[in-house]
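*Asks:* Input: one structure, supplied below.
The values are calculated or read from the model by the stated rules, or taken from the named source; none is laboratory data. None of the values given here were measured: they were computed from a predicted structure. Cβ placement follows ideal geometry from the backbone for every residue including glycine, while neighbour counts extend to all protein chains displayed.
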Amino acid sequence: MSGHMAEVLVTSLLAKLGELAWFETHLQLGIGDDIKFIRDELSTMKAFLKDAEKRGPRGEVANKWVAQIRDEFFKLEDVLEEFLLQMKLLKSENSCVPRLFQKMLVCHQFRSEMENIRKEIEDISKRREQYNLQEEGTSSDHGEERREDRSAASPFVEEKDILGIDRNVKQLEEWLLQEEEVNQRKVISVVGMGGLGKTTLVKRVYKKVEACFDCFAWLNVSQTYEMKDILIRMLEEFYSSRKEPTPNAVETMNEDKLREKIHKYLQEKRYVLVLDDIWDIHVWEGLKHALPVAGFGKIVFTTRVENVAFPLDENCHVHKLGVLPHEIAWELFCRKAFHTITPQGKCPQYLHRFADAMLRKCNGLPLAVVALGSLMSKKGMPLIEWRNVLENLDWELNHNQDLEQLNRVLLTSYNHLPPQLKYCFLYCALFPENTEIEREKLIRLWVAEGLIEEHPRKTPEEVANDYFIQLIDRSMLQAIVSDFDGGCLKACKMHGLMRDVAIHMFEKEEFGMVITQQNNETERGCRRVAIHDTPAIEFSSTMSKWNIRSLLVFGKGEAALSSVNRIIWRGAKLLRVLDLEGVKIASLPEDVGDFIHLRYLGLKRTHIKELPASLQKLRVLETLDVRYTNLRSLPRGIIWLQQLRHLLFHSRRHSLPIPLGARSLKRLQTLHGMRTDKNTVRELGHLTQLRTLFIGEVGSGGEHSGELFQAIKKMKHLCCLTLTSSRDIKLELESLSPHPIYLEELTLEGRIEQSSMWFASLNCLRLLHLSHSKLKEDPLSTLCQLPNLDTLFLLDAYAGKRMGCSGTGCFRRLSKMVIVGLKELEEWSPIEQGTMQCLRSIVIATCPKLAKLPRGFQYLSALEKLELGEMLEEFVDRLRSDRAGEDRWMVQHIPNIKLVHVVNEELVSEVLS
């Protein structure tokens, strides 16, 4: 266990010990001394492990000692959680003699376990002193440590190995040499994950342009930086670049004096400064006052952390470096791997499959492509060698010298994560390779696992969302945005090699285990298990001692189901997370109610038809996901699950009614896919903490829709609202007015007919989806002034003949518009210059009476994509260049114009020529 890992776990344990102190005070358990001793020892061990982390690698004895700490920490965590939950459950029951007797038994067992844990911790502490472990691994002084860290953090890919670099070089060179309209320093940031070649790119540009400046400096920056050390090196570099001697006694100057000296030296000079591999924005905050604001000064950052790339209050350009396209990556890999066969490096046909699989593992990361290609050039051409490397690439990454630099780069990114993000990052590696991990699901899993720090003014989900964004900003996860809702961050992926690093680390830390067809050994204990569509597994007899926290199953076959049935009833006593999404399971046994620690139950896309009554015993359940199942009703006892925060349902065939008594679910934040009727609509008015509400079916008749809207008005935190009604129910929007400050996404499916002035008050609205609205008034004239509207869908939403809006400032932030099924629309009024200036994508389809685009369409200068489907032939012909279309000139600035047709019930697209 690393020092950072210990910090996360110990922080959690100390919080639980604080909670335990309440029971000690009120129940007189007789363990006050044990609590104090264990708390003190935990704090001491936490400090020791953090200090050891800074001193570098530990020896074998120290590693064994740390493993003993880890096991004891896990044991203590299990005992504390079991006791605290049992006492809370007993406290909630009516007082009676049997309950008092049961409390006595629980307390007696707990005292005994705590005494044993105290003895074990005492023994571990003595062994640390006995073996004098604090001296082990301290041979390097701090200066050596910083130098070593700098070299690890600044990998250099040779320039000849980065194909297609010229375009990036040209852009950076242009920014560096550009004369500014305002005489002010400029910051240029190159940002991306480790191994993309950021340092290589900047080094090449730096060598080309340094002669154009009066002085220049290149500084490698590590996370363990000393500000004074950086300032001294900067001063030395600037003086050296002009072949001038460094001033005397700089070592004796304090930081302020050094800043003053640098500032004075750079006055009236053209200078360039490169800060390579910055991890912390505070580096810039400590340096910027040494650099004149006025003048021709250029500062270049390379960083893996996106928020470091955007320093506030600075004149700034940001260049995001991406992975190599597959074709270029293939050329580079073959050139490295097969250069001994032919100068061009052509891949033999029989190795093509293995080479392609390796390349996909690299996912366009230049350093990975070069390292793996170089390794294979030494392996030769035997097919068996290629197969072995591909099947054991995770092992090769951590043990092969040829991949040492690549491994160091990836590990550096991991090691620089704040402690609270490390577990969250490792958790992502439980998902199969190349899987899109849904953002909201991952957040709920993190919360259920207790990986999120408490915040006085934020919900755990809000803190977890911050973690999610930080991991993406640090290039540890790859962002996946949704085209459907205007570029919303909906999911993430792990780079294949980064995932291998994560798996290596969580096996080392005994954080978790991934069971696959290639790796189905179950002798080693762990806290989290993921099963990846593997045949039925022979689980070891020791599994009952694992105390599994999470079980995630990825697979649909009978083998996956068999594995679930065999694992879940062995080591599941303390199970917090059970996710069976997609598994062909038709029912849950009554025994599921015995998993009293369960916080997340995921049954999405299973064949579940009914939930057991024992579900009501899961008193700490936070998430119940039964979307796309065959469920027809929820058990009555669900109203007892008062810790429930997310109830997700959307059937394959129908919606479920909101349960009677649901008003007791005061903590509910997400209610997804329910049906309202006259008996249940009043329940909604009590769920005032809802953030997301999706009513899958506004009940028939419409007589209670007014009550529904009155209930929604009470939801002051609501930010995402979806209402779906049948065609014969009219949604009376005038009575619908959720708190306008927070509502960000609104989907209304059903008849509205009259545009509501309430729309104009939704100043935070980012996405609006209107479907089958049958509006009689032009919606654009009402919606155009919404200041934050980013995405607008109008699907069979307007029954009028003419629409449009005009004037500077209309739809000032709109980036995507979808217009489909406006069957009466004949004319789109002219677009004035200054309207929809941020629009990047527009879809127009199935508007059979619309003959042409509006005049002024050429003013939409930001437009990147125009998609047309099932439109009049006359409409399309006016835009074709091969037919001298008279409106072609209005769209010639758009790089991507497509026609979409339905062929054999499938969408087929073609480029408009």
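*Asks:* Are there any pairs with C-beta distances below 9 angstrom linking a residue in the range 657-673 that is in contact (Cβ under 8 Å) with a residue 60 or more places away in the chain to a residue that is assigned to a loop (DSSP other than H, G, I, E, B) and among the hydroxyl-bearing types (Ser, Thr, Tyr), with the two at least 6 apart or on different chains, and if so which?
*Replies:* Gln669/Thr459
*Asks:* Considering only the range 839-850, I want to know if a residue exists there that is in contact with a helix residue (DSSP H, G or I) (Cβ under 8 Å, 6 or more places away or on another chain) and farther than 16 Å from Lys898 by Cβ. Break it down into steps so the answer makes sense when it comes.
*Replies:* Going through the range 839-850, the residues in contact with a helix residue (DSSP H, G or I) (Cβ under 8 Å, 6 or more places away or on another chain) turn out to be 850.
Next cut, farther than 16 Å from Lys898 by Cβ only: 850.
Scanning the range 839-850 turns up at least one residue that is in contact with a helix residue (DSSP H, G or I) (Cβ under 8 Å, 6 or more places away or on another chain) and farther than 16 Å from Lys898 by Cβ.
*Asks:* Please verify whether Thr246 is surrounded by fewer than 17 Cβ atoms within 10 Å (Cβ to Cβ) and either closer than 21 Å to Leu172 by Cα or touching a Leu at 6+ places or on another chain (Cβ under 8 Å) (or both), treating the condition exactly as stated. Full working, then the answer.
*Replies:* On the way: surrounded by fewer than 17 Cβ atoms within 10 Å (Cβ to Cβ): yes; either closer than 21 Å to Leu172 by Cα or touching a Leu at 6+ places or on another chain (Cβ under 8 Å) (or both): yes.
Answer is yes for this residue.
*Asks:* Something else now. Are any residues in the range 858-875 of a type in the set (A, V, I, L, M, F, W, C), more than 13 Å from Ile819 (Cβ to Cβ) and buried (at least 17 other Cβ atoms within 10 Å of the Cβ), and if so, which ones?
*Replies:* First pass over the range 858-875, keeping only residues of a type in the set (A, V, I, L, M, F, W, C): 860, 862-863, 866, 868, 871-872, 875.
So of that shortlist, the ones also more than 13 Å from Ile819 (Cβ to Cβ) come out as 860, 862-863, 872.
Of everything in the range 858-875, those that are of a type in the set (A, V, I, L, M, F, W, C), more than 13 Å from Ile819 (Cβ to Cβ) and buried (at least 17 other Cβ atoms within 10 Å of the Cβ) turn out to be Leu860, Leu863.
*Asks:* Quick test for you: out of Arg304, Arg259, pick the one residue that is touching a His at 6+ places or on another chain (Cβ under 9 Å) and at pLDDT below 90. Spell out how you get there, then give the answer.
*Replies:* On the way: Arg259 fails: at pLDDT below 90.
Step by step, each of Arg304, Arg259 is checked, and only Arg304 is touching a His at 6+ places or on another chain (Cβ under 9 Å) and at pLDDT below 90.
*Asks:* May I ask you to say which residue of Glu331, Glu385 is touching a residue at least 60 places away in the same chain (Cβ under 8 Å) and more than 17 Å from Gly496 (Cα to Cα)?
*Replies:* Values: Glu385 fails: touching a residue at least 60 places away in the same chain (Cβ under 8 Å).
Unique residue meeting the criteria: Glu331.
*Asks:* Answer yes or no as to whether Leu291 is surrounded by fewer than 20 Cβ atoms within 10 Å (Cβ to Cβ), at pLDDT 85 or above and touching a Leu at 6+ places or on another chain (Cβ under 9 Å).
*Replies:* Details: surrounded by fewer than 20 Cβ atoms within 10 Å (Cβ to Cβ): yes; at pLDDT 85 or above: yes; touching a Leu at 6+ places or on another chain (Cβ under 9 Å): yes.
For Leu291, the condition - surrounded by fewer than 20 Cβ atoms within 10 Å (Cβ to Cβ), at pLDDT 85 or above and touching a Leu at 6+ places or on another chain (Cβ under 9 Å) - is met.
*Asks:* Looking at the range 817-833, can you tell me whether even one residue there is hydroxyl-bearing (Ser, Thr, Tyr) and touching a residue at least 40 places away in the same chain (Cβ under 8 Å)? Working first, answer last.
*Replies:* Of the range 817-833, the ones hydroxyl-bearing (Ser, Thr, Tyr) are 829.
Remaining after also requiring touching a residue at least 40 places away in the same chain (Cβ under 8 Å): none.
No, the conditions are met nowhere in the range 817-833.
*Asks:* OK, next. Given (1) surrounded by 19 or more Cβ atoms within 10 Å (Cβ to Cβ); (2) touching a strand residue (DSSP E or B) at 6+ places or on another chain (Cβ under 7 Å), identify the lone condition not met by Ile831.
*Replies:* Ile831 satisfies all of (1) surrounded by 19 or more Cβ atoms within 10 Å (Cβ to Cβ); (2) touching a strand residue (DSSP E or B) at 6+ places or on another chain (Cβ under 7 Å) except (2).
*Asks:* Identify, from the list Leu411, Leu403, Leu430, the residue that is assigned by TED's automatic domain parsing to the domain that holds Tyr467 and either in a helix (DSSP H, G or I) or surrounded by 18 or more Cβ atoms within 10 Å (Cβ to Cβ) (or both). Step through it out loud before you land on a result.
*Replies:* Details: Leu411 fails: assigned by TED's automatic domain parsing to the domain that holds Tyr467; Leu403 fails: assigned by TED's automatic domain parsing to the domain that holds Tyr467.
Going through Leu411, Leu403, Leu430 in turn, just one is assigned by TED's automatic domain parsing to the domain that holds Tyr467 and either in a helix (DSSP H, G or I) or surrounded by 18 or more Cβ atoms within 10 Å (Cβ to Cβ) (or both): Leu430.
*Asks:* Can I ask one more? Among the residues of the range 371-382, write down those that are in a helix (DSSP H, G or I) and either without any contact (Cβ under 8 Å) to a residue 24 or more places away in the chain or touching a Cys at 6+ places or on another chain (Cβ under 9 Å) (or both).
*Replies:* From the range 371-382, those in a helix (DSSP H, G or I) are 371-379; that's our starting set.
Across the range 371-382, the qualifying residues are Ala371, Leu372, Gly373, Lys379.
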